[in-house]
Amino acid sequence: MSTTTPTNSPAWSPASLINTPSPLKKRKMEDEGFCVGQTVEVYDGCGWRKGEVLEVVDDPRRYKVMLLGGGGCMVVDDWEVRGVIDWKQDDVQQINTPKLVLKSKEGTKLRIKCTPRAVKAAAFQTGTRVEVRSNEEGYHGSWFAATVVGSEEKDDKLLVQYETLKTEDETQALTEMADVSNIRPRPPIINRLERFKMFEKVNAWYNDGWWVGLVSKVLNGLKYVVYFWTTNEEIEFQHSMLRPHQDMINGKWVASFLRPKLSDEPRLEKVELRTGEGSLMVGPLRGLRVEIAHGKEGYLSTWYPAVIIRPAHNGKYLVEYRTLKTNDGCDLLIEQVDTVCLRPAPPVIQRVRQFQQNDGVDAWDVNGWRIGQICTTMKESKYAVYFVATDTVTEFHHADLRPHQDFINGAWVPAVTDMR
């Protein structure tokens, strides 16, 4: 993921560029379209802004683009998006006057030659502590701490040694050549004492590196759920595992949460999610965490975690289960579900104190949450749980239980204590 051009910088204005294609004309060279994760520029009515493709919508072809720097999302038509312009020296000379000649009365001439700026390997001396971006599949949007230990004769590669990545035999630190375009100085440390906010752009410490994401949920206990658009995943993190996202602007690091907000900045769109208890407005549907109810004889007794792939044409949703697999056990189960069996994933409630008799609970049993009720409290944080759907009692540990919640009229409410 490229972070070299911040989105709060002035948008590229078509009127100010020579030989820049008009946003009102179809692309000729890019008819093959863009792919998810690709860095592009989108036209917002005033100019071009840099972003990253989150989703490709077909018939007609449209794109959902996340503006870099925490600028929110835009859904744009095919002709409102283009590849990022890589300004080479020839391009600069088309825009700027190659030479500026000043003549004095004495006839002295002063020539100023305009040349493009470029980051070169010489900017990073041996021993410089840096962060290196990975472009490998599955690692887009990640930065890894490293130290420069050498360079090539060419001016575009550096030899770096990673601090957290190891060789295949795990015996020593990984050392490799990296393009200078994927190397940046380490951002300054910001001790974020206040809580992160919804939709704030952050870096999360995960799999030995810093991953760029958005805060999609603020939980109790200084915890957050972070959405990674490069992998379409949501993962829970402690406050201490996050840092404010920073971009380098004019040679200085600027944190996303300190940038001024633009009045016309697009917001993350809200869409309607239909459930068995009515509708509610949520963020993007694709990848939304939900739970699907299963049960016999019309009694929905077990909720299985899943994510929405897309709405189906018949008023249902196509979902992918997180714990249920196909009959051959090779792939996660994908199926269409009715809205009566669907609800958003409930908020996380950490029950530190002991459950009491008759408390409504959900018990994690095999691959889903079974709805039950505490009938007996036992020693060593164990309980006997009664399940009315099967008229059985099973023993569970405290860690495998959560307080039962009902989703009613678009809101979560505590469980009714007596379930018999």
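Any read-out appearing in this document is the output of simple, stated calculations on the displayed coordinates, not a laboratory observation. It should be emphasised that the depicted structure is a prediction, and the values quoted were computed from it without experimental measurement. Cβ sites come from the backbone with ideal geometry, for glycine too, and all protein chains shown count toward neighbours.
Determine, from the Cβ-Cβ distance of residue 236 and residue 172 and an R0 of 41 Å, the FRET efficiency 1/(1 + (r/R0)^6), rounded to the nearest 0.05. Please report the intermediate quantities before stating the final value.
Values: r = 33 Å, r/R0 = 0.79.
E(calc), rounded to 0.05, equals 0.80.
So, R0 is 30 Å and r is the distance between the beta-carbons of residue 406 and residue 379; what FRET efficiency does that work out to, to 0.05?
0.50
Quick one: putting +1 on the C-beta of Lys and Arg, -1 on the C-beta of Asp and Glu, what dipole do you get for segment 271-344 around its Cα centre, in Debye to the nearest 20? Walk me through the numbers on the way to the answer.
On the way: 9 positive and 9 negative charges, 35 e Å.
Approximately 160 debye in magnitude.
Please report the Cα spread of segment 308-420 along all three principal axes, rounded to whole Å, starting with the longest.
Per principal axis, max minus min of the Cα coordinates gives 49, 37, 27 Å.
State the volume of the convex hull built on the alpha-carbon positions of segment 121-185, expressed per residue in Å³ and rounded to an integer.
Numbers: hull volume 5.7 nm³, N = 65.
Normalising the Cα hull of segment 121-185 by residue number yields 87 Å³.
I want to check the label-to-label distance for residue 323 and residue 123. Put each point 7 Å from Cα in the C-beta direction and report it in nm to one decimal.
According to this spin-label approximation, the distance is 4.9 nm.
What's the long-distance tail for segment 271-344, i.e. % of Cα pairs beyond 22 Å? Provide the component values of the computation, followed by the final result.
Numbers: 504 of 2701 pairs.
Within segment 271-344, distances greater than 22 Å cover 19 percent of Cα pairs.
Calculate the dipole size of segment 360-414 relative to its Cα centre from +1 charges on Lys and Arg beta carbons and -1 charges on Asp and Glu beta carbons; express the result in debye to the nearest 20.
Numbers: 4 positive and 7 negative charges, 21 e Å.
Computed charge dipole of segment 360-414: roughly 100 debye.
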